[in-house]
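Q: Following this message is one structure expressed as structure tokens.
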Amino acid sequence: MVPARLRNGPISITSATVNGDVDYAGERWRAADAIAYACEDDGTCVAIGAARFDRAAFLADGVIDSVDVHEHQPDGARYLLLSFDGEGILRDVGAYGPAGGSNQSDESMLAAFTLETFADDRIAGALDYAFEGDRIRVRFDTMVEAAVSSE
């Protein structure tokens, strides 16, 4: 999958539909926003945050990427990062918050995900994971944001 790109024109930023709760890796929060963007090896990443993402700050360099998601967060930010390969298969789930980060890519986490839509311009799905007191129950539907600077 090669995400849709916007070249030499206005950069489009869309909002997402997201809901659910996270109690994982020592952090407890409610999902408030989601953003999808192209990531490594023709994959797609979806960030799900406890607060609205600052899309304008993300676009300061003309492209939304993992650097933006990790570096343009307010102090105390909590978010998940779901990484998909080019076929829409979930490969990794990262959880980040004030207590640090945790990545998980074992079969129990990956099997807890249901993909609803995986297209060049949109991704939707649900993660319903529970194990030994950890719980992630989130659902998202978001456009894949891809912006390339016209410079």
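The values are calculated or read from the model by the stated rules, or taken from the named source; none is laboratory data. Computed from a predicted structure; not experimentally measured. With ideal geometry, Cβ positions are generated from the backbone for all residues, glycine too; neighbour counts draw on all protein chains shown. Quick note on the areas: whole protein, heavy atoms, side chains included, nothing else; ligands and nucleic acids left out. Shrake-Rupley method; radii C 1.70, N 1.55, O 1.52, S 1.80 Å.
Q: Among GLY20, GLY100, GLY62, which one shows the biggest mean-square fluctuation in a GNM of the chain, springs joining Cα atoms closer than 10 Å?
A: Residue with maximal mean-square fluctuation among GLY20, GLY100, GLY62: GLY100.
Q: Quick one: check the C-alpha center-to-center distance for region 45-72 versus region 20-36, whole angstrom.
A: Cα centroid of region 45-72 versus Cα centroid of region 20-36: 16 Å apart.
Q: Cut-off 17 Å, label point 7 angstrom out along Cα-to-Cβ of ALA130: give me the residues of region 87-124 whose amide nitrogen falls inside.
A: It comes to 108-114, nothing else.
Q: Moving on to the next point. Counting only DSSP beta bridges with both residues in the chain, tell me the antiparallel percent, nearest 5. Please report the intermediate quantities before stating the final value.
A: On the way: 50 of 53 bridges.
So the antiparallel bridges in the chain amount to around 95 percent.
Q: If I histogram all Cα-Cα distances within region 21-78 using bins 10 Å wide from 0, what percent of pairs lands in each bin?
A: 22, 52, 24, 2
Q: Which of these, ILE64, ILE35, ILE89, has the largest mean-square fluctuation under a Gaussian network model of the chain (Cα springs below 10 Å)?
A: Sorting by GNM fluctuation, first place goes to ILE89.
Q: Something else now. Which value, in Å², gives the accessible area per residue of the chain when a 1.4 Å probe is used on the protein heavy atoms? The partial results should precede the final answer.
A: On the way: 7480 Å² over 151 residues.
On a per-residue basis, the chain sits at 50 Å².
Q: Then there's this: Which label marks the calculated value of log10 I(q)/I(0) by the Debye sum over Cα atoms at q = 0.13, 0.14 Å⁻¹, given the options (i) -0.53, -0.62; (ii) -0.65, -0.72; (iii) -0.71, -0.77?
A: It is the value labelled (i).
Q: With a 1.4 Å probe and all protein chains left in place, how much of the accessible area of the chain comes from carbon and sulfur atoms, in whole percent?
A: Carbon with sulfur: 46 percent of the solvent-accessible area.
Q: Can you tell me the relative contact order of the chain? Whole percent, Cα pairs under 8 Å, sequence separation 6 or more.
A: Numbers: 355 pairs, mean separation 48.2, N = 151.
It rounds to 32 percent for the chain.
Q: How much length is gained on full extension from ASP92 to ALA57, taking 0.36 nm per residue of separation minus their Cα-Cα distance?
A: Values: separation 35, 0.36 × 35 = 12.60 nm, distance 2.54 nm.
That works out to 10.1 nm of additional length.
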